[in-house]
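For reference, the structure discussed in these notes is given below.
Bear in mind these aren't lab numbers, they're just calculated from the coordinates by the rules spelled out. Since this is a predicted model, take the numbers as computed values, not measurements. All Cβ positions, even for glycine, are placed from backbone atoms using ideal geometry, and neighbour counts span all protein chains on display.
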2 protein chains.
Amino acid sequence: MAKELSERKKRILHALVDLYITTGQPVSSSDIQSKYLPEVSSATVRSELSALEALGYIEQPHTSAGRVPLKEAYKLYVESINSDGASMLTDRETAFIREKFMHKLGQVENLSKEAAKVISDVTNYTSFFIEKSLAGIKIEEVKLVPLKDNRAIVLIVTSKGVIADNAIELKGDVKQEYIETASRLLGNVFAGRLIEDMDKFSLDEIDVEIQGFKDILDEVLGILRIYVNEHSDDNVFVEGALKMLDYPEYNNVEDAKNFLSVISDKGSMSELFADDDTSIEFSVRIGKEDSGVDKCAIITAAYKVGDEVMGQAGVIGPERMDYKKVIGVLDCMKKTLSTVIENSNDNED
Amino acid sequence: MAKELSERKKRILHALVDLYITTGQPVSSSDIQSKYLPEVSSATVRSELSALEALGYIEQPHTSAGRVPLKEAYKLYVESINSDGASMLTDRETAFIREKFMHKLGQVENLSKEAAKVISDVTNYTSFFIEKSLAGIKIEEVKLVPLKDNRAIVLIVTSKGVIADNAIELKGDVKQEYIETASRLLGNVFAGRLIEDMDKFSLDEIDVEIQGFKDILDEVLGILRIYVNEHSDDNVFVEGALKMLDYPEYNNVEDAKNFLSVISDKGSMSELFADDDTSIEFSVRIGKEDSGVDKCAIITAAYKVGDEVMGQAGVIGPERMDYKKVIGVLDCMKKTLSTVIENSNDNED
DNA sequence: TGTTAGCACTCAATCGCATTGATTGCTAAC
DNA sequence: GTTAGCAATCAATGCGATTGAGTGCTAACA
């Protein structure tokens with residue numbers, strides 16, 4: 001990438017990618033000339049294309065075919081879109097996204113899934129949403145609720161819902177008073193803490209009036225730890241996985257199968273994005289060889305509430321995808337989601 | 001089906017299906033003759049095949065090709081397997097299934113999912129498990145747990161876990177005594193009832209000491225109803241969906257896509273089996289035209305605990321699938337699962 | 001009457017070959 | 001530096017010939 005390309009080369013490259021994105025076919029010099037550069041001849045375009053090919057931006061599938069963009073060409077194309085800045089969605093599309101979420105207030109449960117669905121619906125590509133599942137969830141209260149037969153339930157109220165999985169066994173004499181003291185104590189110890197910290201939290205720090213309650217504190221901590229371990233995997237929502245099969249790039253069963261198997265495995269999905277730099281707003285990756293989703297481009301956006309990264313949303317599509325639109329949708333979704341979340345936080349408090 | 005086929009016709013038909021299942025190619029008269037009926041000539045087989053074709057058991061894709069079984073042929077084939085009775089699994093396979101579940105005791109949570117996975121792993125076909133989600137779940141206790149700020153949580157303990165989703169707002173003065181009475185009352189009213197009945201349960205039947213508690217009873221009933229509505233859909237677990245793409249029947253993207261879209265939609269899956277007669281142990285359906293999974297055979301088994309149908313497990317594969325093995329696996333799974341469930345019930349009580 | 005060998009017939013699949021058409025690279029002129 | 005013109009290239013398409021697997025039919029046989 002040493003030198004800057006001439007302005008005309010840039011225009012030709014941009015035109016080529018544009019055409020290739022819409023048609024999926026190798027682009028000929030005359031296509032470019034007639035639709036994008038009527039002021040010069042196709043022969044001129046041809047010589048420019050030769051140069052661009054030598055520079056590694058494009059290639060020919062075979063001698064008598066048009067040109068196809070390579071990764072470097074896409075990168076340049078995406079850059080130019082990003083710097084463009086104009087809104088890339090129609091009003092109708094923006095409205096569609098807004099509307100989908102505005103009446104979803106309160107049901108934060110499936111927000112991520114819904115977001116993935118909307119992204120996929122609007123873009124017509126496969127989309128995903130990776131939710132950092134435990135980030136920022138705070139314990140509000142801990143209660144001990146006695147049941148029959150000397151059993152009790154530990155009720156853990158968090159900022160995002162109630163955990164009340166396990167019934168625990170209480171030994172010996174269970175007085176009302178014991179329950180109350182234990183409840184109060186549990187509240188004191190755990191309330192206000194982040195649930196994700198429970199993994200490395202130690203009871204040694206606390207030693208106020210735990211005579212006789214050590215067991216139960218241990219048990220609750222155990223429950224919390226199990227919960228953290230079981231839920232620490234990121235939640236991955238994939239929507240529209242089958243849409244990829246509509247694009248000719250995946251028109252053979254072998255590739256399709258490979259794509260779907262990566263896409264539907266949460267493990268490999270989390271992995272695929274584990275090393276993403278979430279400080280960057282949008283990241284575009286084109287043709288990550290080793291990933292198993294070869295021949296794909298992946299656009300991701302980091303979603304934050306305050307400074308905390310809540311998750312990543314993104315789109316997986318063919319390299320020749322409609323980058324403008326996708327980035328537009330992710331951006332719109334970002335704004336809409338943060339409005340929704342802020343509102344719902346306000347409502348809750 | 002008016003007349004019984006001659007013994008030789010049956011043998012030939014069975015041979016044809018056998019061969020077709022393993023090769024996937026049209027079967028010729030000489031194939032059958034050399035591998036299954038060496039005592040006659042291929043010409044004889046040919047005339048028998050002619051007859052079988054006239055009877056609608058088989059057909060030729062084109063004049064100069066071998067024969068391919070039709071639905072009726074498969075049905076007969078499956079019948080003969082069923083009446084066969086011999087165990088159709090290797091010891092190794094049986095052991096594999098057993099082993100997978102024996103150390104899963106207690107984690108009844110994902111049993112259905114795991115079952116589907118094992119079935120798919122052993123058979124190498126797409127498998128599914130449809131779990132009647134609410135069948136037989138009984139409410140054991142209902143408690144009201146006060147939180148801060150005049151809120152409270154309704155804790156519903158069932159035979160299969162705890163429901164504690166919603167915090168409700170209590171109005172006015174909340175005394176300890178009120179909570180206790182309400183808790184007791186809620187227990188009296190709801191304990192012992194089946195959760196699936198809550199949809200049509202009415203409070204009118206009860207009118208003991210509900211002065212002042214009508215509101216809270218209504219609210220709890222509301223929570224239960226919402227729960228029933230949200231969970232009344234059957235849980236559908238599909239495993240190995242992509243395995244179908246390994247078979248040449250689904251070697252074109254269009255069909256593959258169609259298959260996957262049916263398979264991955266819980267709604268259409270439940271629908272597909274809604275009208276199944278669950279009193280039959282195994283049901284085999286070959287080529288259900290209208291279902292969207294054309295060109296498939298579906299084998300299902302009903303899973304019961306006592307008399308209650310807990311779910312249906314099954315396999316979806318190409319019509320020419322290894323019926324012996326699949327039925328064997330479903331049968332083995334059936335036995336293994338009922339052992340596991342009985343044991344885990346014993347442990348619990 | 002059922003079975004068999006032999007042979008002609010059929011037809012999908014494959015191969016080879018010529019044709020087409022899109023597109024380029026090159027060259028010579030502007 | 002740009003352009004028109006032209007030969008060269010090569011995937012794709014179409015078409016006819018060939019192949020071969022497999023059948024159906026017929027006549028002879030047990």
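Grab the alpha carbons of chain B, take their convex hull, and tell me the volume per residue in Å³.
That works out to 177 Å³ per residue.
Going by alpha carbons, how many degrees (0 to 90, nearest 10) lie between the helix axis of A:91-102 and the longest principal axis of chain A?
For helix A:91-102, the angle is close to 10 degrees.
For the rotation taking chain A to chain B, which residue of A has the Cβ nearest the axis, and how many Å away is it?
Nearest residue, distance rounded to whole Å: A:ALA164, 2.
Among all the lysines, which ones have a C-alpha under 18 Å from A:LYS113's C-alpha, if same-chain residues fewer than 8 places away are not counted?
List returned: A:LYS100, A:LYS104, A:LYS132, A:LYS160, A:LYS243, A:LYS266, A:LYS304, A:LYS334, A:LYS335, B:LYS266.
Please average, across the residues of B:150-160, the number of beta carbons from any other chain that are within 10 Å of each residue's own beta carbon, and give a whole number.
Across B:150-160, the average partner-chain Cβ count within 10 Å equals 2.
Which lysines, on any chain, are close to A:LYS171 with Cα under 18 Å apart, when same-chain ones fewer than 8 places away are left out?
Of all the lysines, those that pass the test against A:LYS171 - Cα under 18 Å, at least 8 places apart if same chain - are A:LYS143, A:LYS148, A:LYS214.
Give me A:PHE259, A:PHE101, B:PHE129 sorted ascending by neighbouring Cβ count inside 10 Å, so fewest comes first.
Ranking A:PHE259, A:PHE101, B:PHE129 by Cβ neighbours within 10 Å, fewest first, gives A:PHE101, A:PHE259, B:PHE129.
Testing the spin-label approximation: label points 7 Å from Cα along Cα→Cβ at B:ASP233 and A:THR339. State their distance in nm.
2.7
B:LYS10: which lysines have alpha carbons under 16 Å from its alpha carbon, excluding same-chain residues fewer than 8 sequence positions away?
B:LYS35, B:LYS71, B:LYS75
Arrange A:THR158, A:THR90 by Cβ neighbour counts within 10 Å, fewest through most, would you?
Ranked by crowding around the Cβ, least crowded first: A:THR90, A:THR158.
Might you report the magnitude of the Cβ-based charge dipole of region A:7-83 about its Cα centre, with Lys and Arg at +1 and Asp and Glu at -1, to the nearest 20 debye?
20
Fewest first, what order do A:ARG151, A:ARG285 take by the number of other Cβ atoms within 10 Å?
A:ARG151, A:ARG285
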